[in-house]
Structure formats: C-alpha cells, structure tokens
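What follows is a set of notes on a single structure, which appears directly below.
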Ligand code: GZL
C-alpha cells in the first residue's frame, strides 16, 4: 500500500514538474515581445574578435527589440555545440554562430532545424553536406584576402627594385581548420607558388593569438636566420611576431617585411610607425548585418545565402590618412 501512495505522489510530482517546465519554455519563447537571439561566439582571442563581440552586443539590445544570450566558447568547438544546445533548450528565436572550425556541425544543426530555430552564420563558415541547415552567412572573402596580400607583395618588390631577389618567407597561420585560415592560407600559398623567387620556408599556426604568434616567430627566427617576409593571418599574431623580431635586434617593416590581416586600429598605428608594411582588411562589424537579416526574415522576406562584406587593403602609404576613419 505504502509503495502505491509513494508511487502516486511521485507521479504527481513528475506531472507538476512537466507542466512547470513547459510553462517556463513557453514563457521563454514568448518573452516580452523581444526577439531572442543566441550568439555562440568563438572566444576573445584577438582585437578583431573583441570588435565583433562589441558589434553584436551594441546591436542586439532591448531598445532595438532584442534579447541577446551571448556565449564565449574560449575557442573550443565543444563549448559552441553546448551553447547551441542550450539555445535550443531555451527556445530562442534565432541562433547565430561564428564557427571556430568548419567541420563537425551537422548533428547539432539538425537539432536546431528540428526545433524550428533558424541558424545564421557570422564570420567563419561551416562545411555542411546540407546547406538547408543554415539560413545565411555573412563574412569576409578569405581566399580573396590571401590573394590580395600576395598581389600587394608582388607590387611592393617591383616598386622597391627587389623583383629579382630571392625572398625567404614564413607564414603564421590562424586556427587550423577555421575558414579564415583555410582561405587565407590557400590564397597566400597559391600566390607565392607562382613566383620562383618566393621561398616559403615554413608555415605554422599561432592560433590567432599574440602570445602564440610571438612563440612561433621566435622558433622561426632560430631556425631561419635570413627571413625576409612574415605573413601573419591576423594582426595579433603580427604584433607577437614584431616583438620577437625586435628581440633579436632586427627592425620590423625594414629588415623583415610584415604583411597582416584584419586591419584593426592598433595595426594602423603599427603601419604609421612602419612596423607593419601591409594589412588586408577583414571587417568584424557583423552585428548590424545580422540584424538586417533577422528583420528581413521577421517580415517574411528571403535573404541571400552568402553575403561578403566590403574589404580593402591598406599599407604604409595610406595608413595615416585612413586611421581617423577606422571604426574598430
Ligand atoms: C576572420 C576571423 C578571424 C580574424 C582573427 O573573419 O574569423 O578570427 O582574422 C580572429 O583575428 O581571431
């Protein structure tokens, strides 16, 4: 008898819990008229990332009709996947992801699709067999960025009268498998291979961070005494490389040409100081662009699957004039 009473009480508790949880879910999904956006951010590894995060946090505010749930994955894919599942549990209206790497997303995106939650990709891309798993992507054209870097180098060596000189080059790569690294490395290495005077001595990831970039550059300088060019796949690794170059008594921008990517404000300061020779822009201000996509969808419109942002190439010839106009 006692077991039966306990059993029916247990059932009662279970029933109440289910009703409460369901009520909670509905409350979360209805909210107070705000569009709830879950943003699974890569991390806080670079100045670019900080500007990208700030762009989302300043766009998706209550005054604009949004509630933002922000997650910093500390550059770990498993944390991003956990965040996406958490957003699904909270029944957000939209999920935005800046995927740390291109692969390993199919399962969790299928869960978002089953939950009827649109996924928008910002910044980096995902390699998916079914592109219905995401609604739209907005970001930089990483392959073109890499190609533009080598186009600048080709023009530079001609201008400097060094076109017949063999140049020893090292490449500091971003996070291996991220679309920024994949595209930039492809554009750079294919461009270098077209000129027999360019010798790519080594390439290694500096994880898009300043400390790792400095560490890898220190090892390059020990292994290769005559480096002529460093190509860093983001500014923070370029800053680290500059510190390593100075530590061995060489002059960055003069003894060793430095080409970088992102073109954040501090990189403009370094170009004005002559420490970085060229910087290929990768605009991080995706918050307003993603908001535009959401508003179009909310109004029943359709959006382009792929949206590249406008990007320029800067160098020591135009950095000082452009610095006051820079927004990040
Ligand atoms: C590029 C972005 C890269 C930046 C780095 O869109 O994914 O990640 O180039 C950042 O600075 O860490």
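Details
- As for the stretch 238-261, it holds no residue that is farther than 23 Å from residue 153 by Cβ and within 16 Å of the ligand (Cβ to nearest atom).
- In the stretch 282-326, the residue that is farthest from residue 229 (Cα to Cα) out of those that are without any contact (Cβ under 8 Å) to a residue 60 or more places away in the chain and in contact with a helix residue (DSSP H, G or I) (Cβ under 8 Å, 6 or more places away or on another chain) is 302.
- Residues that are assigned to a helix (DSSP H, G or I) and within 13 Å of the ligand (Cβ to nearest atom), drawn from the stretch 212-237: 212, 213, 235, 236, 237
- Inside the stretch 264-280, residues that are within 17 Å of residue 141 (Cα to Cα) and without any contact (Cβ under 8 Å) to a residue 60 or more places away in the chain make up a count of 1.
- Taken over the stretch 120-165, residues that are under 15 Å from residue 99 (Cβ atoms), within 14 Å of the ligand (Cβ to nearest atom), in contact with a strand residue (DSSP E or B) (Cβ under 7 Å, 6 or more places away or on another chain) and not in a loop (DSSP other than H, G, I, E, B) amount to 5.
- Consider the stretch 48-59 and keep the residues that are touching a strand residue (DSSP E or B) at 6+ places or on another chain (Cβ under 7 Å) and within 14 Å of the ligand (Cβ to nearest atom). The one that is farthest from residue 239 (Cα to Cα) is 56.
- Residue match in the stretch 293-312 (condition: farther than 27 Å from residue 134 by Cβ and surrounded by fewer than 21 Cβ atoms within 10 Å (Cβ to Cβ)): yes
- A Cβ distance below 7 Å, combined with a sequence gap of six or more or placement on separate chains, defines the contacts here; from the stretch 222-239, residues that are over 21 Å from residue 146 (Cβ atoms) reach residues that are surrounded by 24 or more Cβ atoms within 10 Å (Cβ to Cβ) in the pairs 224/170.
- Screening residue 207 on (1) more than 20 Å from the chain's Cα centre (by Cα); (2) not in a helix (DSSP H, G or I) shows it passes everything except condition (1).
- If you go through the stretch 75-119 and keep only what is part of a strand (DSSP E or B) and more than 21 Å from residue 178 (Cβ to Cβ), you end up with just 94.
- Candidates 72, 123, filtered to the one that is touching a residue at least 40 places away in the same chain (Cβ under 8 Å) and closer than 24 Å to residue 261 by Cβ: 123
Let's see how each residue does on (1) within 15 Å of residue 42 (Cβ to Cβ); (2) more than 15 Å from the ligand (Cβ to nearest atom):
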{"position": "79", "(1), (2)": "yes, yes"}
{"position": "82", "(1), (2)": "yes, yes"}
{"position": "88", "(1), (2)": "no, yes"}
{"position": "99", "(1), (2)": "yes, no"}
{"position": "104", "(1), (2)": "yes, yes"}
{"position": "116", "(1), (2)": "no, yes"}
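- Within the stretch 165-192, residues that are on the phi > 0 side of the Ramachandran plot reach partners that are within 16 Å of the ligand (Cβ to nearest atom) and in a loop (DSSP other than H, G, I, E, B) with beta carbons closer than 8 Å, at six or more positions or on different chains, in the pairs 177/101; 177/102; 177/103.
Where a number appears in this text, it was derived from the coordinates with a stated rule and is not lab data. Remember, predicted model here, so these are calculated numbers, not experimental data. Methodologically, a virtual Cβ is constructed for each residue, glycine included, from the backbone with ideal geometry; neighbour enumeration extends over all protein chains shown.
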